[in-house]
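Heads up: the structure comes next, in structure tokens.
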Amino acid sequence: MQTSFRVLHENASDYLASLQTTRAEELMLTEQFLVFKDTLTNYLQNFMIGLQKYGTQVEGLIHGGDSDVWRAFLSAVVEDEMRTPSLDEVLSAEERLERRMEEWTIFTRWFIGSETEASDVVFLERATKDTIGRMVRYAIAIQEKQRLGISRRRELDYLGQWFLGLESVEEAHKLGAAVYGLMKPRHFQGEPPRSSDSTDLSMWDEEPITRALSSRSRVRRRAGTTEPVKVRDGEQAEAKQVLLAQLEREAAVVRWFLELGAFHLSDLDVLTVEQRRVLLSWISRCLVSKSKQIRTADGYHIELSLPQSDDRTELSFSDGQLDMPNFHLSVREASRT
């Protein structure tokens, strides 16, 4: 087992390292890369599927065994090795057992990781996905480069006939915007307040965002002139009231869940947007935690239990439905744990 594990680790490291070399980067930028791109992608995808399948099985076997059982097993291995005569260095049983325990620790850390670091399986999976994504980007760039010299006369002629067949200038404007985009776009960055988290909601259904633009005039003010200090007490008070109202709504949602105590997702009726935001936040944090338990900043203890088999439910909200596993949640005050 240790020999197979060592070969797997060395082959995976050498293969990914070869893809990071300067020669590989230069090859990916040439047209020859398109020849073996599909073969390499299929190889990495099959490697990823095998890694996800068998890596999870090995992780489950390691978690399923008790540490005392593994130590007894390694002790039996050392005892059997002591019966075999060897001309190599002579080690005592304790030294052999310590060496086997170190090898076993490295083996388990490769598959399940540690408390502070993720496993090498996770790292290898990320590296393989990044490699596949980089190859796809290189292939698209090469194909786009090849298309630069192609005549687009037929496409432009078809587009011109399309414009000619339109009945109004408004339809021509819409077609032009769809084909060429905006003539003079201006981009503004910000975090707009959304009225709903639904992905099906169109941007045209959202409220407009007002932005105050500063003057770009080259005319300078006269030297010595001053500008009055703007009083923003009203704006600050209004923003404070909005924030306090939002905190009160979130606190009311938390108190509502606290009154429920322990519940399955299938027990819930139609939820509001605020209730969904809090519930999904708790579920995502619990799933990341190894113990499936979290403690919120306002002093509540949340515990999540996974559903039996493939039990699922459909949550209803004021703006849609969401199908997800039928988790069981327990909400209580942290002081009572």
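The values are calculated or read from the model by the stated rules, or taken from the named source; none is laboratory data. Note that this is a predicted model, so its numbers are computed, not measured. For neighbour counting, all protein chains shown are included, and Cβ atoms are generated from backbone atoms with ideal geometry for every residue, glycine included. Side chains included, ligands, DNA and RNA excluded: accessible areas come from the protein's heavy atoms. Shrake-Rupley method; radii C 1.70, N 1.55, O 1.52, S 1.80 Å.
So is Leu247 modelled with pLDDT of 85 or more, in a helix (DSSP H, G or I) and within 28 Å of Ser318 (Cα to Cα) or not?
Against the criterion (modelled with pLDDT of 85 or more, in a helix (DSSP H, G or I) and within 28 Å of Ser318 (Cα to Cα)), Leu247 does not qualify.
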Next on the checklist: Any residue at all in region 10-23 that's surrounded by 10 or more Cβ atoms within 10 Å (Cβ to Cβ), at negative phi, out of contact with any strand residue (DSSP E or B) (no Cβ under 8 Å at 6 or more places or on another chain) and modelled with pLDDT of 75 or more?
Outcome noted: yes
Checklist entry - Quick check: anything in region 27-35 open to solvent by less than 70 Å² (accessible area, probe 1.4 Å) and modelled with pLDDT of 75 or more? => result no
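Residues checked against (1) loosely packed, with under 15 Cβ neighbours inside 10 Å; (2) among the aliphatic types (A, V, I, L, M); (3) under 24 Å from Met48 (Cα atoms); (4) touching a Lys or Arg at 6+ places or on another chain (Cβ under 9 Å):
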{"position": "Asp66", "(1), (2), (3), (4)": "yes, no, no, no"}
{"position": "Arg71", "(1), (2), (3), (4)": "yes, no, no, no"}
{"position": "Val90", "(1), (2), (3), (4)": "yes, yes, no, no"}
{"position": "Glu94", "(1), (2), (3), (4)": "yes, no, no, no"}
{"position": "Leu97", "(1), (2), (3), (4)": "no, yes, no, yes"}
Checklist entry - Does region 117-146 hold any residues that are open to solvent by 90 Å² or more (accessible area, probe 1.4 Å) and at pLDDT below 75, and which are they? => result Glu144, Lys145
Item to check | Failed criterion for Val253 (all others in (1) open to solvent by less than 90 Å² (accessible area, probe 1.4 Å); (2) in contact with a helix residue (DSSP H, G or I) (Cβ under 9 Å, 6 or more places away or on another chain); (3) at pLDDT 85 or above hold) | outcome: (3)
Checklist outcome for this item: Considering residues that are touching a Lys or Arg at 6+ places or on another chain (Cβ under 9 Å) and either crowded, with 17+ Cβ neighbours inside 10 Å or touching a residue at least 60 places away in the same chain (Cβ under 8 Å) (or both), the number found within region 99-116 is 1
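This table checks each residue for (1) of a type in the set (A, V, I, L, M); (2) closer than 30 Å to Thr39 by Cα.
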position	(1), (2)
Gln52	no, yes
Thr56	no, yes
Leu61	yes, no
Met82	yes, no
Leu91	yes, no
Glu95	no, no
Arg100	no, no
Val136	yes, yes
Asp157	no, no
